[in-house]
Protein chains: 2
Amino acid sequence: MRLFRRILLALLCLLAMPSLVPSLALAEDGYDLWLRYGKVEARFLGPYRAVNAHVITPNRTSATLTAAGDELSRGLSGLLGRPQDMLGGGDVVAFRDGDVLFGTPRSAPRINALKLDLAAAGDEGYAIRSVMAEGHKVTVIAGNSDVGVLHGVFAYLRLLQTGQSLAGLAITDAPKSKLRLLNHWDNLNRTSERSYSGLSLWNWSQLPALDKRYTDYARANASIGINGTVLNNVNADLRIYQPAYLAKVAALAGVFRPYGIKVYLSVLSSAPIQIGGLKTADPRDPGVIAWWKQEAETIYKAIPDFGGFLVKANSEGMPGPQDYGRTQAEGANVMARALQPHGGVVIWRAFVYSPDNAQDRAMQAYKEFVPLDGKFDANVLVQIKNGPLDFQPREPFSPLFGAIPKTDAMLEVQITKEYLGFATHLAYLGPLYEETLKADTYAKGPGSTVAKVIDGELFGNTLTGMAGVSNIGTDPNWSGSIFNQANWYVFGRMAWNPELSARDVAEEWTRQTFGNDPKLVQTSVAMMMASREAVVDYMTPLGLNLIMGHGSHYGPAPWDDIGDRPDWKAPYYHHADAAGLGYDRTASGSNALEQYFPQAAAKFADKSNLEYLLWFHHVGWGEKLSTGRTLWDELVVRYTGGVDAVKKMRAQWNGVKGKVDPERFALTARYLAIQQAEAQWWRDACLAYFQSFAKMPYPKGEKAPAHPLNYYESLNAAKNLDAALASGLSN
Amino acid sequence: MRLFRRILLALLCLLAMPSLVPSLALAEDGYDLWLRYGKVEARFLGPYRAVNAHVITPNRTSATLTAAGDELSRGLSGLLGRPQDMLGGGDVVAFRDGDVLFGTPRSAPRINALKLDLAAAGDEGYAIRSVMAEGHKVTVIAGNSDVGVLHGVFAYLRLLQTGQSLAGLAITDAPKSKLRLLNHWDNLNRTSERSYSGLSLWNWSQLPALDKRYTDYARANASIGINGTVLNNVNADLRIYQPAYLAKVAALAGVFRPYGIKVYLSVLSSAPIQIGGLKTADPRDPGVIAWWKQEAETIYKAIPDFGGFLVKANSEGMPGPQDYGRTQAEGANVMARALQPHGGVVIWRAFVYSPDNAQDRAMQAYKEFVPLDGKFDANVLVQIKNGPLDFQPREPFSPLFGAIPKTDAMLEVQITKEYLGFATHLAYLGPLYEETLKADTYAKGPGSTVAKVIDGELFGNTLTGMAGVSNIGTDPNWSGSIFNQANWYVFGRMAWNPELSARDVAEEWTRQTFGNDPKLVQTSVAMMMASREAVVDYMTPLGLNLIMGHGSHYGPAPWDDIGDRPDWKAPYYHHADAAGLGYDRTASGSNALEQYFPQAAAKFADKSNLEYLLWFHHVGWGEKLSTGRTLWDELVVRYTGGVDAVKKMRAQWNGVKGKVDPERFALTARYLAIQQAEAQWWRDACLAYFQSFAKMPYPKGEKAPAHPLNYYESLNAAKNLDAALASGLSN
């Protein structure tokens, strides 16, 4: 097939070149993500000459090893520009210099004979080694498991894609966390709650019929080490547990299995009533306990390696154990005990806050879960959002990290940009993830980072993990924009290794995605690394948060006061008044500070820490900040700086025109233009609003918004755009 | 730019062929629709040699003429495999044999000098002539208007795409109807009520930023003569009239304008209240009259060539003039008078029926509108669905056609397959449209076809038109499947010329879409021409209707009795009982027959007319039909025949493997597999259900369904799949 296409292409090129132009789609639509295996740049061809065109396959094969071999063949053929021979691994084939071998010691006796030390590769990791084997210099890609080998193949190909040396390879790598999951907030009708990239990938009406795209999704995930996917929205539609749907889920699980990816499902605490027809869902009720066991049997019969449940309970209207006076732990454990015999886990979300609770929303999850520490079964993880609120452009880390040492804490971040400009705004989230992972909780003194909490190093947890709310949909480019692919990528890479630097991953992604042109790499990385801070500055500088459009979470609406719930209104979060701005969370206010360990709290209490200033402090408009400017002046400067940073990104991108294919260049340029206009909108709307309290003049050189406040209110993300955007479909 | 791409492609081919294969998307995703300009088959190159590589452009240009020139250049370059020179039309360029000239007499003096008779080309039509000009044999593509020229260019390119002779061309063509519109049932959140091809094309959150896809949409429509598009759902969200949205609508109108396509919007009768803040929407209220005038001014200020309003009123819960005791005509006229000074029209839908009306639903629109004949203003059209109910696989024509001679009647058909298997089932709707258009109303004696009603020939109407409910969305292939593109195509072609035959259009589309291989053409046309009848047979044979899943309109549910409205339950339509099956609409029943002119009624009354048998008659299970079989036996034979017809289509398609690119082949093959499984589901579920009344044995050689009735009820399209499918997104 591949050969046929090659011949076809050659014929087409020779015979009909001009006529090809209009109809042949040279479309760089971004579908290939970072798995692009175009021929490497000329300067790398020399160094890579040593790679033979021989791939030595294992003796014993499996679906996973077949996938690994296919990927290696496809990748090397493309990258080196010559077809690869796939040679059976039996003794018949004599090794030659430059051969590439892959397999486990068990599947490939000739790899076993090399006595590689694979201890550090663990269950899912790999070793890539340049060794002498049977008198020849060969490269071995090995692992203790088939999926480890697959991960190794992707890592090896990444070396070539990014122009690394292939000499003297002595790599061993293994994931630091056990569960590395995507959370799809996808509904059965194929809408998605907060994805901005088309429809849900899961084509329920056509499943169990399969689409090539499911395989490519699995390939992309496996290439960055993601090993699980929650298919449905945490606001779960329980019809997914009907037999007809379970068969569809099983079909997807079958596609993902060879790639080491397990399927998980969201469920509700009320399932015993809604699915089971019971009168109660009380976790202490014997009928309920029995029902969960039965339901687990049913699920595992359809999907023998089912990963487990993700649960949002007693949060934003969802049912939960508290409806029966039981704790979150009891709610989780009843499910966990049903899954335990089958090897499944329960992932229980800590995103709980109540409309009836007068306490600072940022403090509620801590209050709820700290008393439960140690009460969860061994196969339960508590999944905690990076910040105490809700995926803002910047939040301090959640005080729960480090505070529940006897609980397996899992980090939840968003890959999708619910609050950072949906699909269009360029905002690379690597620095946000890194900021959280490297944040020091001081739980056991300095160096007690969130990364060490979640990878188990700090408290010795063995069930560890990280979850990312997916930005993946049916858009040809998967993620709504080219640069959004980087957020999927960096999530996977950091879930695998929380110590990676955002900058390194940005470069790695850029090289794989756009190639190794030095100026292009430098530009792309510079844009990416500045991008999230730009969003912080033009949306929510200095620790501001949750001033986005009501419901839609799009566009500025600091004035928003729609609805009955005070904790869903913007003023609840920014506390603007005639005196100043910001939420006092010190001892004189809600004292959320006390939920942090003292050294961490001291940092947040320090008003020179401007990043979190208005998160923790109500600051006078005229108060001088550590920059020497008043709060009002600093606010203006930051908002303007955010807009300027977007202008700079546009200029940088225009500077690499011609170094990127026209399609991906144009799409990105178009989105940057939208981003600039909307950054300006954000700046002007927010400043017009805050100035109505501050009543101070604009600092010298700073322009007042072009329109009065009521103009921006009339644009009104909250009222005009809300319904159009709230479904999460509008981008 | 085009040259650059050509060079780039050549270099890529020469330098890096093998490495290209994995990353270069040779993907035939169907995006190019029927506008595929690959090089013509070798056997046509000889005959087309006479076409020079010179295109002579008009002296005066316009956005439309520029689009025409671009299309001609792109098309000829691709089809002939050599670049075209675009030569200015001034006297400097000497004609050469084989030149192609295009323009209007006004824009091109040298065309004017030819004194072509363009009277029959009208406002939007064209002439394509082989003529001697200044001593040379040239081809002229001319029209009275720029858009006529554009239509001519597409028609000329179609000649080459379909392998027609270019010798002695003497073509003049003009549309028979004035308004040829797409109706998008698209919501502002980008869902679509009944499209099954991804999201709405209109990216409201990014507009007024433009996407290339909008231009390609306009090109595709212009190529088949569509000249208007209603952007939003008839169940209208009035926020589209807010200034921010009108600016977005204006941006789209700007893209479509050069292609001769006007933008229309759906509106509600209640707009004066909802948008205007008035206390009433009574069409006689002076404030309401003034408000509509004001609103029209606002719209035309933003979109000077705005087409007009589409209105669904007093139907399925929509507000309307009857809320104030006014007639539908008064409701339409108040809007029409506001639009009239600006040249706009009101398209008033006749799809009205009431839950409170005990009368046969199929009779209600007629009762409502016949008394209003002559009461509508001159710029109002009444848009009538092809059948009296709702877009079933087969319906008799609506009795309103021919019954309101003083009203400008517009035909509404579905291009999307709400009731014919969504995106996956292959059902070419050309025969359905043709059946309606050629149906004889006998309004003025034999030959009074629906086509002649709607094109104005029968009653002398000057405002004429045809509307198609769009199947277009963001799927790369636009329409959810390759063959669904043919329904968009045939709609446009038949709206332009209602006398075209479905078969001819099928062939035309096939040649443009798949090429001119004789076996492939023959196969595709055979499949298409049999496909809709297959759907009729496996879903609703013998005049059955509306036994689809509740709400979703997907899958069999003849047992459906969900909800309070009897007219939304299946038994209302099929009247199955121990005695027999079918809705008695003769004089002994609802007498819907009386709404037809006598000769038409006589045909429907004739029980040997099996196509409409159960629509008009309650027939005993054991009654012998004109085929010699009992009703029960005939029903079984038809259902089985439908399944067999799908099996045949699959075999036919497999027979052209290798003659179609792998991607479009595989997608179609996958969908045919789904169609076969679902055809079987339909047959078995319906027969199991009807047999529970008939209690007769299966005829010899016919298999009973594999499962008992309750199994099919438990699959239950109505309950299981409904919510997943009801949004219209699930395919």
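Applying the selection to the range A:216-237, what residues are over 17 Å from the mean Cα position of the chain (by Cα) and either within 26 Å of residue A:175 (Cβ to Cβ) or within 12 Å of chain B (Cβ to nearest Cβ) (or both)?
As a first pass, look at the range A:216-237 and keep what is over 17 Å from the mean Cα position of the chain (by Cα): A:216, A:235-237.
Matches in the range A:216-237: A:216, A:237.
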Go through the range B:34-56 and count every residue that is within 11 Å of another protein chain (Cβ to nearest Cβ), among the aliphatic types (A, V, I, L, M) and surrounded by 15 or more Cβ atoms within 10 Å (Cβ to Cβ).
3
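Any idea how many residues of the range B:63-83 are in a helix (DSSP H, G or I) and among the basic types (Lys, Arg)?
To start, the set of residues in the range B:63-83 that are in a helix (DSSP H, G or I) comprises B:63-80.
Subset that is among the basic types (Lys, Arg): B:74.
So the count comes out to 1.
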For residue A:103, indicate whether it is at positive phi and surrounded by 16 or more Cβ atoms within 10 Å (Cβ to Cβ).
yes
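So, in the range A:331-359, exactly how many residues are out of contact with any Gly (no Cβ under 7 Å at 6 or more places or on another chain) and either under 18 Å from residue A:181 (Cα atoms) or at pLDDT 95 or above (or both)? It would help to see each step written out before you state the result.
As a first pass, look at the range A:331-359 and keep what is out of contact with any Gly (no Cβ under 7 Å at 6 or more places or on another chain): A:332-338, A:340-343, A:348-359.
Then keep just the ones that are either under 18 Å from residue A:181 (Cα atoms) or at pLDDT 95 or above (or both); that gives A:332-338, A:340-343, A:348-351.
Number satisfying all stated conditions: 15.
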The range A:319-338, residues that are within 19 Å of residue A:235 (Cα to Cα) and of a type in the set (Gly, Ala, Ser):
A:320, A:331, A:332
Go over the candidates B:397, B:391 one by one and state the one that is under 30 Å from residue B:669 (Cα atoms), at pLDDT 95 or above and among the hydrophobic types (A, V, I, L, M, F, W, C).
B:391
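Could you list, in sequence order, all residues of the range A:309-319 that are touching a helix residue (DSSP H, G or I) at 6+ places or on another chain (Cβ under 8 Å) and either crowded, with 24+ Cβ neighbours inside 10 Å or assigned to a helix (DSSP H, G or I) (or both)?
Within the range A:309-319, the first condition is being touching a helix residue (DSSP H, G or I) at 6+ places or on another chain (Cβ under 8 Å), and the residues that meet it are A:309, A:311, A:313-314.
Residues satisfying the conditions are A:309, A:311.
Can you tell me which residue in the range A:425-435 is nearest to the other protein chains (Cβ to nearest Cβ), limited to those that are surrounded by 24 or more Cβ atoms within 10 Å (Cβ to Cβ) and not aliphatic (A, V, I, L, M)? Let's see the steps before the verdict.
Applying the first criterion (surrounded by 24 or more Cβ atoms within 10 Å (Cβ to Cβ)) to the range A:425-435 yields A:425-430, A:432-433.
Retained after the next criterion (residues that are not aliphatic (A, V, I, L, M)): A:425, A:428, A:430, A:433.
Numbers: A:425: 11, A:428: 20, A:430: 25, A:433: 26 Å.
Restricting to residues being surrounded by 24 or more Cβ atoms within 10 Å (Cβ to Cβ) and not aliphatic (A, V, I, L, M), the top hit is A:425.
Just give me the residues in the range A:363-397 being in a loop (DSSP other than H, G, I, E, B), closer than 25 Å to residue A:196 by Cβ and not charged (D, E, K, R), in sequence order.
Restricting attention to the range A:363-397, the residues satisfying the condition of being in a loop (DSSP other than H, G, I, E, B) are A:373-379, A:386-397.
So of that shortlist, the ones also closer than 25 Å to residue A:196 by Cβ come out as A:386-395.
A:386, A:387, A:388, A:389, A:391, A:392, A:393, listed by residue number.
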Looking only at the range B:571-604, which residues are closer than 21 Å to residue B:397 by Cα and hydrophobic (A, V, I, L, M, F, W, C)?
B:587, B:592, B:593, B:597, B:600, B:601, B:602, B:604
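Filter the range A:66-87 down to the residues that are away from every other protein chain (no Cβ under 13 Å) and of a type outside the set (D, E, K, R) and list them by number. Give the derivation first.
Filtering the range A:66-87 for residues away from every other protein chain (no Cβ under 13 Å) gives A:66-69, A:85-87.
Of everything in the range A:66-87, those that are away from every other protein chain (no Cβ under 13 Å) and of a type outside the set (D, E, K, R) turn out to be A:66, A:67, A:68, A:69, A:86, A:87.
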Can you find a residue in the range A:243-263 that is more than 14 Å from chain B (Cβ to nearest Cβ) and of a type in the set (Ser, Thr, Tyr)?
yes
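Could you please let me know if residue B:716 is buried (at least 16 other Cβ atoms within 10 Å of the Cβ), more than 22 Å from residue B:526 (Cβ to Cβ) and modelled with pLDDT under 95?
Values: buried (at least 16 other Cβ atoms within 10 Å of the Cβ): yes; more than 22 Å from residue B:526 (Cβ to Cβ): yes; modelled with pLDDT under 95: yes.
Here the answer is yes, as residue B:716 does meet what is asked.
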Helices (runs of 4 or more DSSP H) contained in the range B:478-576 and holding at least 1 residues in contact with an Asp or Glu (Cβ under 6 Å, 6 or more places away or on another chain) and among the hydrophobic types (A, V, I, L, M, F, W, C):
B:502-514, B:518-539
Here are the criteria: (1) under 22 Å from residue B:309 (Cβ atoms); (2) under 22 Å from the mean Cα position of the chain (by Cα); (3) β-branched (Val, Ile, Thr); (4) within 14 Å of chain A (Cβ to nearest Cβ). Tell me which single one residue B:240 does not satisfy.
(2)
Out of all the residues in the range B:681-703, is one or more surrounded by 15 or more Cβ atoms within 10 Å (Cβ to Cβ), of a type in the set (Gly, Ala, Ser), within 27 Å of the chain's Cα centre (by Cα) and assigned to a helix (DSSP H, G or I)?
no
How about the range B:497-520: which of its residues are more than 25 Å from residue B:436 (Cα to Cα), surrounded by fewer than 21 Cβ atoms within 10 Å (Cβ to Cβ) and not acidic (Asp, Glu)?
B:515, B:516, B:518, B:519, B:520
Here is a list of conditions, (1) over 14 Å from residue A:59 (Cβ atoms); (2) away from chain B (no Cβ under 14 Å); (3) not in a strand (DSSP E or B), and residue A:93 meets all of them except one; can you say which number that is?
(1)
How many residues are at pLDDT 95 or above and of a type in the set (A, V, I, L, M, F, W, C) when one looks only at the range B:81-107?
3
When residues of the range B:572-596 are filtered for being modelled with pLDDT of 95 or more and under 30 Å from residue B:196 (Cα atoms), how many remain?
2
Taking the range B:106-135 and the residues there that are hydroxyl-bearing (Ser, Thr, Tyr) and surrounded by 19 or more Cβ atoms within 10 Å (Cβ to Cβ), the one that is farthest from the chain's Cα centre (by Cα) would be B:107
Output the residues belonging to the range A:245-281 that are in contact with a Pro (Cβ under 7 Å, 6 or more places away or on another chain) and small (Gly, Ala, Ser).
A:247, A:251, A:269, A:270, A:281
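Can you pull out the residues in the range B:254-265 that are outside any helix (DSSP H, G or I) and in contact with a helix residue (DSSP H, G or I) (Cβ under 8 Å, 6 or more places away or on another chain)? Please lay out each step first, then the result.
Looking only at the range B:254-265, we keep the residues that are outside any helix (DSSP H, G or I), and these are B:260-265.
Within the range B:254-265, B:260, B:261, B:262, B:263, B:265 meet the criteria.
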Filtered residues of the range A:646-666 (kept if among the hydrophobic types (A, V, I, L, M, F, W, C), touching a residue at least 12 places away in the same chain (Cβ under 8 Å) and more than 14 Å from residue A:514 (Cβ to Cβ)):
A:646, A:649
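So, restricting to strands (runs of 3 or more DSSP E) that lie completely within the range A:112-215, which ones have at least 1 residues that are within 14 Å of chain B (Cβ to nearest Cβ) and on the phi > 0 side of the Ramachandran plot?
On the way: elements: A:126-133, A:136-142, A:170-173, A:179-183.
Filter on the range A:112-215 gives an empty set.
The values are calculated or read from the model by the stated rules, or taken from the named source; none is laboratory data. The structure presented is a predicted model; accordingly, all values stated were derived computationally and were not measured. Because the Cβ atoms are built from the backbone with ideal geometry, glycine has one as well, and the counts that use them run over all protein chains shown.
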